2 protein chains.
Amino acid sequence: MRESGNAQAKPYHHGDLSRALVEAARRILEAEGAVALSLRAVAREAGVSPAAPYHHFKDKTELLEAVAHGGWDALSHAIIEARRTAASPGEALESIGLAYVHFALQNPALYRLMYDTSRDRMAMPAHIKEEESGYSEVQCALVAAGADPNDDRELQLATIASWCAAHGLAEMCNFEQFRPLKEAMGGDEAFLRGVLRHFGTFSLAGLHGKR
Amino acid sequence: MRESGNAQAKPYHHGDLSRALVEAARRILEAEGAVALSLRAVAREAGVSPAAPYHHFKDKTELLEAVAHGGWDALSHAIIEARRTAASPGEALESIGLAYVHFALQNPALYRLMYDTSRDRMAMPAHIKEEESGYSEVQCALVAAGADPNDDRELQLATIASWCAAHGLAEMCNFEQFRPLKEAMGGDEAFLRGVLRHFGTFSLAGLHGKR
DNA sequence: AGATGATGTTGACACCGTTCAGATGCACGC
DNA sequence: GCGTGCATCTGAACGGTGTCAACATCATCT
């Protein structure tokens, strides 16, 4: 029995702990940062003993991967939404780039966790490259912006380049070194667009240009 | 006394522990990865008690920052060297990009540590932006490749864009999703050059192009 | 009803970062 | 030359962590 004495106080075993643990982890991640995200703290937050998670995840790592998985879903969704609501197909790329960076800035701990676990496995979660996911959305936006959909190799390279560039920008965009430039440009938004403009043009240049 | 029994075996107090600790940390980092990099393990490796480091670094974090600092120096050096030995000024950018990614691939744990500590402080170490450092080298390479040295704002944006792109590529380039494309292109090197080619052209496009 | 298996708890182990009181030995004033 | 001061190192301790084995509890199937 815990704080709620009236409703149903701590059912038989728990219900579904897996989900509760992942949610607890995300709550801790956003409220107190990655440094406070211990398995014991998650168990505590979910109102359960420190060993309980081991019946649902073989590892702390496995729990974190589940949390990261949710993050990738959210990011994919943000990308899809950005392309859908872009002013014109030609501007979809910039729209996606902005949405991507905004996601990273609004969920910094989660974003970092996503790439930490990905790098450990040397792979993004599989569903990111399937249909209707973030990756294919970028590909579509590139085509909409003028890329040749028949040259698969160049299209893939451009997609990868775009993704890498957005990732790098997302991770570095609030480094202190950039502050003077940001202020000179009148704010973060202008700065982001400025850098993204380079990314936006590069893809087309790379696809259309010589060689 | 440690492995070297003849020279001077464990001097008075130690000699200079700071340096020894940083070197021990780097050894552990490369041999066993970041997960094994505990303060106690570093002290153990340096042949000293677990509390000894606290007379030289106020924190584990401070030690790690010292290690990362050395990494930034090495990276800067690699960049300078890459530009110096480039076949032609116009190819300096691609040369730098390759050197950057190679550095990250050859020192993965160190590279990751460098950005982890940087993100925690939301800043790169200050000396990376000074003269004769990596950042200014990229800027020079951009100018050599045709960028307008008088438009400072665009030049800065291009430099940042290049850096972000290289960083993203360095972190993601051995994700498993890219393996088929790599094989189709005949190896990692070709793949890297393929993506870098997009980066290389983008900067110029961004600098010369409309808007 | 009784066995079974999934799920939760308790207690333990080794390790971690950090602190503090005390030992150690170099450097310097007399 | 020698004692004193001070930076440095050690040892033991505290609370926290990930993980595991042994035990408890409950849902369900026969």
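Evaluate the range B:73-84: report whether one residue or more is touching a Pro at 6+ places or on another chain (Cβ under 7 Å), of a type in the set (A, V, I, L, M) and either away from DNA strand D (no atom under 16 Å from the Cβ) or open to solvent by less than 30 Å² (accessible area, probe 1.4 Å) (or both). Give the derivation first.
Taking the range B:73-84 as the starting set, the residues that turn out to be touching a Pro at 6+ places or on another chain (Cβ under 7 Å) are none.
No, the range B:73-84 has no match at all.
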Quick check on the range B:40-53: of everything there that is within 18 Å of B:GLU65 (Cα to Cα), surrounded by fewer than 19 Cβ atoms within 10 Å (Cβ to Cβ) and hydrophobic (A, V, I, L, M, F, W, C), which residue is nearest to DNA strand C (Cβ to nearest atom)? B:ALA41
Note down all Cβ pairs under 6 Å where the first residue falls in the range B:48-64 and is in contact (Cβ under 8 Å) with a residue 40 or more places away in the chain, the second is more than 7 Å from DNA strand D (Cβ to nearest atom) and open to solvent by less than 40 Å² (accessible area, probe 1.4 Å), and they're at least six residues apart or on different chains. B:LEU63/B:PHE57; B:LEU64/B:THR117
A:TRP72 meets each of (1) within 12 Å of DNA strand C (Cβ to nearest atom); (2) in contact with a His (Cβ under 8 Å, 6 or more places away or on another chain) with one exception, condition (1)
Taking helices (runs of 4 or more DSSP H) that fall entirely within the range A:92-211, which contain at least 3 residues that are open to solvent by less than 10 Å² (accessible area, probe 1.4 Å)? A:92-106, A:108-121, A:134-144, A:152-172, A:188-208
In this structure, does B:GLU45 turn out to be in the same structural domain as B:LEU192 (by TED's automatic domain parsing) and either closer than 30 Å to B:PHE191 by Cβ or more than 14 Å from the chain's Cα centre (by Cα) (or both)? no
Taking the range A:54-69 on its own, how many of its residues are surrounded by 14 or more Cβ atoms within 10 Å (Cβ to Cβ) and within 12 Å of DNA strand C (Cβ to nearest atom)? 3
Within the range A:167-194, residues being closer than 17 Å to A:GLN106 by Cβ and facing chain B (nearest Cβ under 7 Å) number 5
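The values are calculated or read from the model by the stated rules, or taken from the named source; none is laboratory data. What you see is a predicted model, and the numbers here were worked out from it, not measured in a lab. Please note: Cβ atoms are built from the backbone with ideal geometry, for glycine as well, and neighbour counts cover all protein chains shown. Ligands, DNA and RNA are stripped out before the accessible areas are found, and what is left, the full protein with its side chains, is counted by its heavy atoms. Shrake-Rupley method; radii C 1.70, N 1.55, O 1.52, S 1.80 Å.
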